[in-house]
1. Along segment 72-84, what does the Karplus equation 6.51 cos²θ - 1.76 cosθ + 1.60 (θ = phi - 60°) give for ³J(HN,Hα), rounded to whole Hz, x for Gly and Pro?
2. Among 229-240, 181-192, 202-213, what's the highest-first ranking by average C-beta atoms within 10 angstrom per residue?
3. Could you pull out every residue, at least 5 positions away or on a different chain, whose amide H is within less than 5 Å of the one on GLN79? Hs are placed 1.01 Å off N in the peptide plane, and Pro or chain starts have none.
4. Can you work out the Karplus-derived ³J(HN,Hα) for every residue in segment 196-208? Use 6.51 cos²θ - 1.76 cosθ + 1.60 with θ = phi - 60°, whole Hz, and x for glycine or proline.
5. Taking θ = phi - 60°, what integer Hz values does the Karplus form 6.51 cos²θ - 1.76 cosθ + 1.60 yield along segment 56-69, in sequence order, with x for Gly and Pro?
6. Would you please name the trypsin sites (Lys or Arg not before Pro) within segment 69-111 that are DSSP coil residues with at most 16 other C-beta atoms within 10 Å of their C-beta?
7. Using the charge dipole of segment 46-106 (Lys, Arg: +1 at Cβ; Asp, Glu: -1 at Cβ; taken about the Cα centre), state which of ILE74, ALA63, PRO102 has its Cα farthest towards the positive end.
Amino acid sequence: MTRFLPLVLLFLAACTELPVDAVAPAPKADAPKPSAAETEVQRRAAKAARQFISVVETVEPVAENECRRVTRGINCDFQIVVDDRPDQPPNAFQTVDRAGRPILAFNLALITSVRNADELAFIMGHEAAHHILHHLDKSRETATYGAVILSGIAALGGADAETVRSAEELGAVIGARSFSKEFELEADRLGTIIAARAGYDPVLGSEFFYRIPDPGNEFLGTHPPNAARREMVRKTAAAL
């Protein structure tokens, strides 16, 4: 399980004067009172922090149980971290550390941009699903295949060393993206299941896709159209 105290401290550190349920020292008599706008920012930050913590506490154990149920030999102890850098666009991603422990990372912009806990739970389930479905390993594998094949073709054609290296890099990109749309839809499906089992409404959560840029159906794009993702969520939820 995630060590929760560092997570809370990391999040609170990014929100100046974030109210918490504790006895605070009385302000100095001459201290300026926060403006109405500052008070509203603090209120929203506190609400977002409480919501994020609540979703982590409910979704993480479900994701870990699902990971242990369907996989063998991989680390299912998710570590959830917060990127507190300011002025970043909303983002969440999954990776692993050097020891193979899965990491689910969320930045403050995403945490504060969701409209409800259902959206956050679906996103968290989706990122956990990438690890459960071995998508990082599969992407590296297809990237390697693409790099070997395209650089091999270039070498057989008599290309010089620099051209072969360029072909290798291009092949890796093509290989990594060959199945990325399928991987995203697979993660949407399993993420829907995880969110639902954690007690959230993944269909309501998928409304997040109405507010993010639609990538369309570009050749070698990294993500499928938003409509296809919403449909995947709807069909999966209907079958539960």
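Values quoted throughout were computed directly from the atomic coordinates according to the rules given, and no laboratory measurement underlies them. Predicted model, so just to flag it, every value in this text is computed and none were measured. Cβ sites come from the backbone with ideal geometry, for glycine too, and all protein chains shown count toward neighbours.
1. Karplus values, whole Hz, x for Gly and Pro: 9, x, 10, 6, 10, 8, 5, 10, 10, 10, 10, 8, 9.
2. Details: 229-240: 16.1, 181-192: 21.7, 202-213: 18.2.
Ranking, from highest mean packing down: 181-192, 202-213, 229-240.
3. Here the answer is ILE103, LEU104, since their amide H atoms fall under 5 Å of that of GLN79.
4. Computed from phi, the couplings for segment 196-208 are 5, 5, 7, x, 9, 9, x, 5, 5, x, 6, 5, 3 Hz.
5. So the J values, rounded to whole Hz, are 4, 5, 9, 7, 4, x, 5, 4, 5, 5, 5, 4, 5, 6.
6. Working: sites: ARG69, ARG72, ARG98; in loops: ARG72, ARG98.
Passing both the DSSP loop test and the Cβ count: ARG72, ARG98.
7. ILE74
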